[in-house]
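All of the numbers you see were taken from the coordinates with simple rules; none came from a lab. Being a predicted model, the structure only gives us computed values, none of them experimental. With ideal geometry, Cβ positions are generated from the backbone for all residues, glycine too; neighbour counts draw on all protein chains shown.
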Amino acid sequence: MPPRIAFASIHDPDDISKWSGTFFSMYHGLKRHGMQVDKIAPLSSPAAELIGKVRTTINRRMLGREYDRYREPGLLSDYARQIEAAVRGRDYQLVFAPSSLPVAKLDIAQPKVFWTDSTFAGMVGFYAEFTNMNPRNERWGHEMERRSLAGSALAVYSPEWATASAERSYGADPAKLLVAPFGPNLDDALTPDEVDRVVAARRLDHCVRLLFIGVDWRRKGGDVADAVAQELARRGIPVELLVVGCDPPPGPQPAYRRPLGFISKRSAEGRRRLRELFLGSHFLILPTIADCTPCVFSEANAFALPVLTTAVGGIPSVIRDGVNGRIFPLGADPGRYADVIAAYRDDHASYRALAVGAYDQFATRLNWPSAVARVAQRMRELL
């Protein structure tokens, strides 16, 4: 008999639009790996959620503080009660969560496992919404994270950066930690037989196409990506910057910039458009100032698209400089990006090696089947 797993999640894991499709990929990946997986989702606590929203509003508008309503002990106690009620009297062998939050206050006999991209400590002072937090709210966040780690049999993180934080900030037992990178949340990746043809067709000598995908223009480094495109244009290199997921700053649009708006993975048409953009671009450019492990990197690599990004957070666990992309220091001058792009434009053999390397990283490491297999193996050992 396959192991029977309870998948406890704040969001519905059948909704591919939630958390860029990561919950969806985990849920269905475990199922494809031969486990019997039942969802306990979406978790909901209207009263506690309303209180959290009010406190968030008061802190931001009146106190000038950030407030994370999902770290409230009362809310997490309600989530725990829902999970406990759903598990009680059933033959679940393990409870799995795609976040540390649902298991923070969960008290059950079965082993608990969670898989995410960062600790709370890793977010504090790194993301804007976790900076200048309400002190009590911040204490709750650390306490809830500490409880999740102490009470779980296995804590899985997508980057090594997060496991280091779990050990350093919360004294987590290294034997209970596992690194498993996220894969792409899009189907129809290239097959090995398609890679050479696709890369050979991507000539950079006509027009360099830079693809920027992010819902937060500022945090994802949209201003830097735009400055890179501007610098290439200044050098006389034909360039297009394709902007997906957010709106650039208002005002006149330069000739090189093409805002494409938000493209949803929920629809077949949206997924088709994203696939075409990955295939038709030369680089994914994301000079982010704060990130953990964006799934868009593995999605780009699945289509042999190299990444230009920054050495922040867990990104060096995903992008290896010169292998599946290029990593720049935070605050690097746009001219440094332009120099690298221009060099690849003049040397297609080097670009081909980088693009093929990107696909190889997807095929061997940055994919859901291999990541889920690692997690599933450790879960079976727990049973």
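Under 13 Å from the Cβ of residue 198, count the other residues' Cβ atoms, weight Lys and Arg +1, Asp and Glu -1, and hand me the total. Intermediate values should be presented prior to the final figure.
Details: positive: 197, 202, 203, 275, 352; negative: 188, 193, 194, 196, 276.
Charge balance in the 13 Å sphere: 0.
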Query raised in the report: Among all lysine pairs in the chain that are eight or more places apart or on different chains, how many have alpha carbons less than 20 angstrom apart?
Result: 12
**Report entry** Pairwise label distance in nanometres, residue 353 with residue 381, each label 7 Å out on the Cα-Cβ vector
**Finding:** 3.7 nm
Requested in this report: Go ahead and run the numbers for FRET between residue 90 and residue 268, Cβ-Cβ distance against an R0 of 51 Å, rounding to 0.05.
Outcome: 0.90
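Grab the eigenvalues of the alpha-carbon gyration tensor for segment 319-383, scale each by 5, take roots, and send me the semi-axes largest first in whole angstrom. If you can, show how the numbers build up before the last one.
Numbers: eigenvalues 240, 47, 6 Å².
Ellipsoid semi-axes (Å, largest first): 35, 15, 5.
How much net charge surrounds residue 342 when only other residues with a Cβ under 12 Å from its Cβ are counted (Lys, Arg +1; Asp, Glu -1)?
Values: positive: 234, 235, 336, 345; negative: 205, 231, 339, 346, 347.
Result for the local shell: -1.
Dividing the Cα radius of gyration by the Kirkwood radius, what Rg/Rh value follows for segment 5-148? Kindly include the intermediate steps, with their values, before the conclusion.
On the way: Rg = 15.7 Å, Rh = 15.9 Å.
With Rh from the inverse mean 1/r over Cα pairs, Rg/Rh is 0.99.
Ratio to report: Rg/Rh of segment 192-364, with Cα atoms as the point set and Rh obtained by the Kirkwood method; give two decimals. Can you show the working numbers first?
Numbers: Rg = 14.7 Å, Rh = 15.9 Å.
Looking at segment 192-364, the ratio lands at 0.93.
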Query raised in the report: To the nearest 10 degrees, how steeply does helix 268-280 sit against the main Cα axis of the chain, on a 0 to 90 scale?
Result: 50 degrees
Query raised in the report: Can you give the charge dipole size of the chain about its Cα centre, rounded to the nearest 20 debye, using +1 on the beta carbon of Lys and Arg and -1 on the beta carbon of Asp and Glu?
Result: 580 debye
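Where does each of 345, 266 land when they are ranked from fewest to most other beta-carbon atoms within 10 angstrom? Can you show the working numbers first?
Numbers: 345 20, 266 12.
Lowest to highest Cβ neighbour count: 266, 345.
What number comes out for the charge environment of residue 158, summing +1 per Lys or Arg and -1 per Asp or Glu over other residues with Cβ under 13 Å away?
Numbers: positive: 365, 374; negative: 117, 160, 291.
Net local charge, residue 158 excluded: -1.
In percent, what relative contact order does segment 192-364 have, based on Cα pairs under 8 Å that are 6 or more apart in sequence?
With pairs under 8 Å counted, the relative contact order is 24 percent.
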Report summary line: Proxy exposure order for 295, 246 (fewest C-beta within 10 Å first) is 246, 295
Report task. With θ set to phi - 60°, apply the Karplus curve 6.51 cos²θ - 1.76 cosθ + 1.60 along segment 106-122 and write out the HN-Hα couplings as whole Hz, x wherever there is a Gly or Pro. Result -> 7, 10, 9, 7, 5, x, 10, 9, 9, 9, 8, 10, 6, 7, 4, 4, x
**Report entry** Within a Gaussian network of the chain (alpha carbon springs, distance under 10 Å), most fluctuating of 11, 282, 33
**Finding:** 33
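Over the Cα atoms of segment 234-281, what is the Rg over Rh ratio if Rh follows Kirkwood? Numbers along the way, then the final one.
Details: Rg = 12.7 Å, Rh = 12.2 Å.
With Rh from the inverse mean 1/r over Cα pairs, Rg/Rh is 1.04.
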Query raised in the report: Given the C-alpha centroids of segment 1-55 and segment 186-244, what is the distance between them in whole angstrom?
Result: 33 Å
Requested in this report: Please report the relative contact order for the chain, taking Cα pairs under 8 Å with a sequence separation of at least 6, and give it as a percent rounded to a whole number.
Outcome: 16 percent
Query - Theoretical gain in end-to-end length, residue 53 to residue 168 [0.36 nm per residue, Cα-Cα removed] - result: 38.3 nm
Report task. For the chain, find the longest principal axis of its Cα atoms and tell me its angle to the long axis of helix 22-32, 0 to 90°, nearest 10. Result -> 70 degrees
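Quick check on the exposure proxy: order 119, 364 from fewest to most C-beta atoms within 10 angstrom. Provide the component values of the computation, followed by the final result.
Working: 119 29, 364 9.
By the 10 Å Cβ count, ascending, the order reads 364, 119.
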